[in-house]
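Notes to accompany the following structure.
The values are calculated or read from the model by the stated rules, or taken from the named source; none is laboratory data. Treat the numbers as computed from the prediction; the structure is a model and nothing was measured. Cβ placement follows ideal geometry from the backbone for every residue including glycine, while neighbour counts extend to all protein chains displayed.
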Amino acid sequence: MKIGTFVLSFILFVTLGCKETPKQEIKTESIGFKKEGELQIYQSDSLLVDLDIELAETAYEIQTGLMYRSSMEKKQGMLFIFDAPEPRSFYMKNTEIPLDIIYISDSLRIVSFQKNAKPLDEKGLPSKQAAQYVLEINGGLSDLWNLQIGDSISYSKN
């Protein structure tokens, strides 16, 4: 009888100990666009396009940029604001959408482009001249809007 009780206890212990624990699913929150200002792009004195923009001003915002975004509307972009003009280089690490990267001088003029930057590519995409601002828009829009070096921008914060 003692052996039967021991065997039964052992079987119960083993079956309860082997119970599978359900896998925990980690939920990630999608990052949405947050309008923080407006930006206009001009060719000569003619308005080419008016955009809603998100701003990247802090070190964290500049480092993160548009990472982990799965989409962005046509008339949206992100404006990176730096303290002073310098040669800049951006990359597409953890960036899921193709982007046009527009480098802008301290006088608010476009100085160079990196068009249709490839998603998730960690290769550096440098400016050709010093830039104090960088505007990221959906890939292909620079050509669609016929943006050129020397075009100007203005922007306002909400």
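Select from the range 103-124 the residues that are in contact with a Lys or Arg (Cβ under 9 Å, 6 or more places away or on another chain) and within 24 Å of ASP83 (Cα to Cα) and list them in ascending order.
Selection gives TYR103, VAL111, SER112, PHE113.
Scan the range 77-100 for residues that are crowded, with 18+ Cβ neighbours inside 10 Å, of a type outside the set (A, V, I, L, M, F, W, C) and assigned to a strand (DSSP E or B) and jot them down.
GLY77, PRO85, ASP100
Is it the case that some residue within the range 52-60 is surrounded by 13 or more Cβ atoms within 10 Å (Cβ to Cβ), in contact (Cβ under 8 Å) with a residue 40 or more places away in the chain and either touching a Pro at 6+ places or on another chain (Cβ under 6 Å) or not polar (S, T, N, Q) (or both)?
Yes - at least one qualifying residue is present in the range 52-60.
Mind checking whether some residue in the range 29-41 is hydrophobic (A, V, I, L, M, F, W, C) and modelled with pLDDT of 95 or more?
Yes - at least one qualifying residue is present in the range 29-41.
Any residue at all in the range 101-112 that's under 13 Å from the mean Cα position of the chain (by Cα), touching a residue at least 24 places away in the same chain (Cβ under 8 Å) and not in a strand (DSSP E or B)?
So far as the range 101-112 goes, no, none of its residues is under 13 Å from the mean Cα position of the chain (by Cα), touching a residue at least 24 places away in the same chain (Cβ under 8 Å) and not in a strand (DSSP E or B).
With respect to the numbered conditions (1) assigned to a loop (DSSP other than H, G, I, E, B); (2) surrounded by 14 or more Cβ atoms within 10 Å (Cβ to Cβ); (3) of a type in the set (S, T, N, Q), which one is the sole condition not fulfilled by GLN40?
Result: GLN40 fails condition (1) only.
What are the residues in the range 113-124 that are touching an Asp or Glu at 6+ places or on another chain (Cβ under 6 Å) and not in a strand (DSSP E or B), if any?
PRO119
Hey, GLN129 hits all of (1) part of a loop (DSSP other than H, G, I, E, B); (2) more than 27 Å from SER44 (Cα to Cα) but one; which does it fall short on?
In the conditions (1) part of a loop (DSSP other than H, G, I, E, B); (2) more than 27 Å from SER44 (Cα to Cα), GLN129 misses (2) alone.
Are any of the residues in the range 55-62 more than 10 Å from the chain's Cα centre (by Cα) and among the aromatic types (Phe, Trp, Tyr)?
Yes, some residue in the range 55-62 is more than 10 Å from the chain's Cα centre (by Cα) and among the aromatic types (Phe, Trp, Tyr).
Regarding ASP143, is this residue in a helix (DSSP H, G or I) and in contact (Cβ under 8 Å) with a residue 12 or more places away in the chain?
For ASP143, the condition - in a helix (DSSP H, G or I) and in contact (Cβ under 8 Å) with a residue 12 or more places away in the chain - is met.
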